[in-house]
Each structure stands twice: as structure tokens, then as C-alpha cells.
Amino acid sequence: MPFSLLQTLREIPLAIVDVETTGASADLGDRVIEIGIARVECGHIALQYQQLLNPQRRISGGVTALTGITQEMVNDQPTFKEMLPNILPLMSDAIVVGHNVRFDLWFLHHEFRRCGLEITQQLQNPHVLDTVRIARRRFGRGGNGLQRLCRRLGYEPPIAHRALADAIATFHVFDKMLDPVGGWGMTLCDAILMQGGPMSLLPANPRESTLPLELEEALENKCCVMMEYLDANQNRTQRIIEPLEIRRFSGELVLIAHCQLRNDRRNFKLGRIVRLTRMQDLQSVGSEQ
């Protein structure tokens, strides 16, 4: 259903979506392991949906450490194809919203294709809103991770890095950022301008990033970050690194970075990275304590 650009957001359903995945790259075969959708109508969450999925491949250690989702939790769950009829009604006839939504939509694009479908056709190519793009125009680039924005805007999510909880957190972030500029009475046209222009389900530019936000910002800023990393024995370690670039090596993605611990350039498998945190964010947390 096409929406008029002059309709208010209160009049338009929103499908706020978040996915958890086996790893960082849909292009290299990583799969969705959990999907969460918050369907918003009249400015309020009307429906919630969450489902673990069998990705039919191994979950990386870094993802399990971050999300708590283990291989045993997903082995007996439905596949994406089996679950698809449940999510189509929730995402159809709605604006699609997400936090760093390009990452989520790129994974969904690949999952739809595995089902022999095109996401643009199934959802009729709706308008897309990204709370990261809105936050960057309001607060500047860098430090716009979902949990940090929640703290900044006064919302405390009960859990993090699970699909439905993050979709609900995205709703609250979106709601808070609407407050100073008209709230849910804002028109769709103005909401698109608020994020700097229109977005579609698929990237308009092949250079548009589909990486996780923290990794994208670390590479963009080229400043030191604290990395939590699983070593070869699956022990969680911390090290300060300066990210340099991503390369594909032996069928997987590798982060090349200068490691302060070794004072040398090192390679880190993306599948073992638990999280990246800006040093200034660690310092601000320390000062608050």
C-alpha cells in the first residue's frame, strides 16, 4: 500500500525490525538466527514477534558470547523459509524502520533469495527509516550504537543484543528523537528529510556499508577501540586496537588492525570479535561511576 508523503507518522504503520546472525557477512553465507519485529500503529507498539531460527550452519563464537544464543538453542527451531509466512503480514503495508537497518535488510534480502523470493517485491519496496542516520544528523557521527543512544535518550532496555528487545529499544529511540521535531504528527516527508534523504530496502550505492555499526564506525574513524575477542581457546580477552581495513581470507572476513599489546599489525577473525567499544565511551562510563 503506497503512503502519501504528507501523511503523518501516526497514520502510517511501521515495522521495526532487528535480526541476530551467525556472523557479520551475509555475502559470505552468514545466516539469520533470530528475528524480532515490533509493529507500530498510531504511534504505539501494536504487535510483537520474536523467533529463533535454525541457520543450518554454525554460529560464530563471538556472536554466542555477545547474544547468549547457542547452537543448541537454534538446532530444533524452524528455518527462515518455514517462518516466513509469519513475518510477511507484520512487515507488509508498513514503513520499515531499524537501527543501522542496512545490515538487517541485507541479511533479510539474502534469506528471501534463498526462498526464491525478492524482498522488494514481497514488501512492495516501502520507504525505509534508519535511526542511525537520524542520530548522526542530530548528534554527529560516531558513538551512535543502540545501547549508548538508549542511555543518552533516557530509555533502559531490559536486555540487549536480542532481536525483539533491540527492535523495541529502536522504537523508543525513534520516539525520543521525534519529540523535539513534531512527534508522531511529523509527516513522512519530513521524517525522510530528518534522516538526510530516502532509503529503499536495498542499497542504492554498492559502496553503502552492510557491516555491523560498531565495526563500520571503528573503520571509519580509524581511532583506537577496546576489542573483546575470543582467543583460540575460546577465552574472552581485551585488547586496544586501531582498526585499519577488512579483508577476505580463506573464505572469511578478517579485521586488520594495529594491536597495542603486540605493537604490530595483526589479523583478527570477525567471527571471534565479541564487541568493539570506543575508548571515549569507556572513559565516560568510568567518569559516571
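Rule-based calculations on the coordinates, nothing more; no lab input. Not measured: the values here are computed from a predicted model. Here the Cβ is made from the backbone with ideal geometry for all residues, glycine too, and neighbour counts use every protein chain on show.
In plain terms, if you count all Cα to Cα distances in the stretch 215-288 and split them into 5 Å steps from zero, the share in each step is 3, 16, 26, 27, 17, 7, 3, 1, 0 percent.
Our summary gives the chain a relative contact order of 20 percent, counting only alpha carbon pairs under 8 angstrom and 6 or more residues apart. Distances between placed amide hydrogens fall under 5 Å for Thr79 paired with Asn54, all partners being 5 or more residues away or on another chain.
Electrostatic bookkeeping for Pro13 treats Lys and Arg as +1 and Asp and Glu as -1; over the other residues with beta carbon under 14 Å from its beta carbon, the sum is -1.
Between Gln50 and Gln280, take the C-beta separation as r, use R0 = 30 Å, and let me know the FRET efficiency to the nearest 0.05. Let's see the in-between values first.
Details: r = 33 Å, r/R0 = 1.10.
That gives a FRET efficiency of 0.35.
The alpha-carbon of Lys269 sits under 22 angstrom from the alpha-carbons of these lysines, leaving out residues fewer than 8 places away in its chain: Lys222.
Between the Cα long axis of helix 163-178 and the first principal axis of the chain there is an angle of about 60°, rounded to the nearest 10. For the chain, adding -39500 (n - 2.57) for each run of n ≥ 4 DSSP H residues and dividing by the number of residues yields -10000 deg cm²/dmol at 222 nm. By definition, a body whose alpha carbon gyration tensor gives a ≥ b ≥ c is oblate when a/c is 1.5 or more and a/b is not larger than b/c, and the stretch 70-200 fits this oblate description. Once the Cα atoms are used to define both axes, helix 279-288 deviates from the longest principal axis of the chain by about 80 degrees.
Can you quote the Å³ per residue value for the convex hull of the Cα atoms in the chain, rounded to an integer?
Working: hull volume 38.9 nm³, N = 289.
It comes to 135 Å³ per residue, whole-number rounded.
Cα-based radius of gyration for the stretch 1-156, normalised by 2.2 N^0.38 Å, reads 1.07. Rounded to the nearest whole Hz, the Karplus-based 3J(HN,Hα) values (6.51 cos²θ - 1.76 cosθ + 1.60, θ = phi - 60°) of the stretch 77-94 follow the sequence 8, x, 7, 4, 4, 5, 8, 3, x, 6, 8, 4, x, 6, 9, 7, 6, 7, with x at glycine and proline. Highest mean first, the peptides 116-126, 207-217 sorted by other C-beta atoms within 10 Å per residue fall in the order 207-217, 116-126. Cβ-Cβ distance of Met186 and Arg262, R₀ of 51 Å, FRET efficiency by 1/(1 + (r/R0)^6): the value works out to about 0.55.
A simple spin-label model places pseudo-atoms 7 Å from Cα toward Cβ; at Gln234 and Arg137 they are separated by 4.5 nm. The base-10 log of I(q)/I(0) for the stretch 1-67, evaluated at q = 0.13, 0.19, 0.27 Å⁻¹, reads -0.52, -0.77, -1.11 [Debye formula, identical scatterers on Cα atoms, solvent excluded].
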